[in-house]
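Notes follow the structure.
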């Protein structure tokens, strides 16, 4: 009898640990974005080689690019740049100059450039770590693709 009374608690504990993943991706081709997941009503297009954020892992995924938001169909040409949590995704802004940048009010103040996904180097802005240590602005090598 006690075993069954713990079952709802266990299920609640498992479900509370589930989080939604956000991904910063880029595509080699232009990406059409639709108004709803079930619509073919295109509201805008994301240019090739411009990073954007997608949420979830369904066929049509919630897609954000700057002030634009809609749904786009997953393409195998998408390349993962970073896996983000909600706070990081909310702090992400898109720029014409650098591609994307993290909001300076967020805990992580990084910026990315096209070189983030094409090799080379990345300029990192100065930021403060959780432990209070300040990291000066510097240049580092771009992440490697797998």
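What follows draws every value from the coordinates through simple rules; no lab data is involved. Quick caveat: nothing in here was measured; it's all calculated off a predicted structure. Cβ atoms come from the backbone with ideal geometry, glycine included; neighbour counts cover every protein chain shown.
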So which residues in segment 75-94 are within 11 Å of residue 24 (Cα to Cα) and not in a strand (DSSP E or B), if there are any at all? 85, 88, 89
Top-ranked residue of segment 29-51 - restricted to ones that are in a loop (DSSP other than H, G, I, E, B) and surrounded by 14 or more Cβ atoms within 10 Å (Cβ to Cβ), ranked as nearest to the chain's Cα centre (by Cα): 51
